[in-house]
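Heads up, the thing below is written out as structure tokens.
The values are calculated or read from the model by the stated rules, or taken from the named source; none is laboratory data. No experiment lies behind these values; they were computed from the predicted model shown. Neighbour counts are summed over all protein chains in view; Cβ atoms, including those assigned to glycine, are modelled from backbone coordinates with ideal geometry. Areas reflect the complete protein model, heavy atoms only, side chains present, ligands, DNA and RNA absent. Shrake-Rupley method; radii C 1.70, N 1.55, O 1.52, S 1.80 Å.
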Amino acid sequence: LCFTIDPVDGTWNFARGLTTFGTMLAMTRFGKPVWGLLYDPVMDDAISAAIDGPALLRRPRKPSLDVRVSTGGALADINGYVPLYMIPADKRGAIAATLPRFDRTGSLRCSCHEYRTFAQGGVDFVLSAGLTPWDHAPGALIAERAGGHVAMLDGSEYNAGTREGFLLAAADKDTWERVRDAFA
């Protein structure tokens, strides 16, 4: 059993006075995320999930709401996050050349808010590199519990002990496969 915490995810944003930062917590069992929380201190709300339950948006003095990922779609119609600055330099050009195939791509420089936006259906995929467990264990679990398909780009299951490679969360398995094929 292991707990991870990223007390100020999006440190670059926070240090520059931007409000796109958050706190991420996860509990893993043998590297598999079993509970996660994505907290937005500015809005004072959190999305949390356990391995056996739905992803819920929790707000003070309001009922919790189920969150669901988007319906996905064809490459030309979907939006996603691809933090190019985190992609290894030798692969950055190839990944960047793929981006015009999508409707829109970007980066928030904050895993917490990228996963929150994905889990709430605001984007259709998140491609991640730089796989630190405190940045991805809670988001990967919440993405799955919100209905998404999450796996390493090579198709293997995500584990918080994995430090190399690319993690892809997408709205459903078909969308995941289309995005994976575009980046392969």
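Evaluate the Kirkwood expression for the hydrodynamic radius of the stretch 47-92, namely the inverse of the mean inverse distance over all pairs of different C-alpha atoms, and round to one decimal in Å.
One over the average 1/r among Cα pairs gives 14.2 Å for the stretch 47-92.
Determine the shape class of the stretch 101-158: with a ≥ b ≥ c the square roots of the Cα gyration tensor eigenvalues, call it rounded for a/c under 1.5, and otherwise prolate if a/b is greater than b/c, oblate otherwise.
Here the stretch 101-158 falls in the rounded category.
For the stretch 45-57, in order, what is each residue's ³J(HN,Hα) by Karplus, 6.51 cos²θ - 1.76 cosθ + 1.60 with θ = phi - 60°, in whole Hz (x at glycine and Pro)?
Computed from phi, the couplings for the stretch 45-57 are 9, 9, 10, 9, 7, 10, 4, 10, x, x, 7, 10, 8 Hz.
Could you calculate the contour length gain from VAL34 to ARG68, that is, 0.36 nm times the residue separation minus the distance between their Cα atoms, to one decimal place in nm? Write down the numbers at each step before the final one.
Working: separation 34, 0.36 × 34 = 12.24 nm, distance 1.83 nm.
Between VAL34 and ARG68, full extension yields 10.4 nm more.
At 1.4 Å probe radius, can you tell me the per residue accessible area of the chain in Å²? Could you put the intermediate results ahead of the total?
Working: 8760 Å² over 184 residues.
Spelled out: the 1.4 Å probe surface of the chain, per residue, equals 48 Å².
Lysines near LYS62 by alpha-carbon distance under 23 Å, same-chain residues fewer than 8 away left out - which ones?
Cross-link targets: none qualify.
Evaluate the distance, in nm, between pseudo-label points positioned 7 Å from the Cα of PHE3 and of ALA96 along their respective Cα→Cβ axes.
4.1 nm
Using modelled amide H (1.01 Å from N, peptide plane; none on Pro or chain starts), what sits under 5 Å from the amide H of ASP172, excluding residues fewer than 5 places away?
Long-range HN contacts for ASP172: HIS149.
Using θ = phi - 60° and the Karplus relation 6.51 cos²θ - 1.76 cosθ + 1.60, list the HN-Hα couplings for the stretch 33-40 in order, rounded to whole Hz, with x at every Gly or Pro.
Taking θ as phi minus 60°, the curve returns x, 10, 7, x, 9, 10, 9, 9 Hz for the stretch 33-40.
Where does the chain land at 222 nm, in deg cm²/dmol rounded to the nearest 500, when only DSSP H runs of n ≥ 4 count, each adding -39500 (n - 2.57), divided by all residues?
-7500 deg cm²/dmol
Output the 0 to 90 degree angle, nearest 10, between the alpha-carbon long axis of helix 173-183 and the longest principal axis computed from the alpha carbons of the chain.
With rounding to tens, the tilt is 50 degrees.
With loop defined by DSSP as not H, G, I, E or B, and exposure as at most 14 other Cβ atoms within 10 Å, which is the longest segment of the chain clear of exposed trypsin sites (Lys or Arg not before Pro)?
Result, exposed sites excluded: 62-162.
Label points 7 Å out from Cα along the Cβ direction at TYR85 and ASP103: separation in nm?
Reported label-point gap for TYR85 and ASP103 is 2.6 nm.
Over the Cα atoms of the chain, each weighted equally, I'd like the Debye log10 I(q)/I(0) at q = 0.08, 0.09, 0.12, 0.19 Å⁻¹, rounded to two decimals.
Here the Debye-derived log intensity ratios amount to -0.22, -0.28, -0.50, -1.32.
So how far apart, in nm, are the two label points at ILE51 and ASP77 if each is 7 Å from Cα heading toward Cβ?
Roughly 3.6 nm, to one decimal.
Which FRET efficiency value, to the nearest 0.05, is calculated for THR162 and THR11 with the Förster distance at 25 angstrom and r the Cβ-Cβ distance?
Once the sixth-power term is evaluated, E becomes 0.65.
Quick one: angle between helix 133-145 and the longest Cα principal axis of the chain, in degrees between 0 and 90, rounded to 10, please.
Approximately 90 degrees, to the nearest ten.
Under the classification rounded if a/c is under 1.5, otherwise prolate if a/b is larger than b/c and oblate if not, where does the stretch 21-79 fall, given a ≥ b ≥ c as square roots of the Cα gyration tensor eigenvalues? Let's see the in-between values first.
Details: a/c = 1.74, a/b = 1.21, b/c = 1.44.
It comes out oblate by the Cα gyration axes.
Could you go through the stretch 79-93 in sequence order and give the Karplus-derived ³J(HN,Hα) for each residue, using 6.51 cos²θ - 1.76 cosθ + 1.60 with θ = phi - 60°, rounded to whole Hz, and x for Gly and Pro?
Each residue's phi maps through the Karplus curve to give 10, x, 10, 9, x, 4, 5, 8, 6, x, 3, 6, 10, 4, x Hz.
Which translational diffusion coefficient, to the nearest whole µm²/s, is obtained for the stretch 42-150 from the Stokes-Einstein equation, given a Kirkwood hydrodynamic radius over C-alpha pairs, 25 °C and 0.890 mPa s? Display every interim value, and only then the final one.
On the way: Rh = 14.6 Å.
Using the Kirkwood radius from Cα pairs, D works out to 168 µm²/s.
Work out the P(r) tail for the stretch 1-55: percent of alpha carbon pairs separated by more than 14 Å, whole number.
On the way: 839 of 1485 pairs.
Pairs farther apart than 14 Å: 56 percent.
Could you check which residue among TRP134, TRP12, TRP35 shows the biggest mean-square fluctuation in a GNM of the chain with a 10 Å Cα cutoff?
Looking only at TRP134, TRP12, TRP35, the largest GNM fluctuation is found for TRP12.
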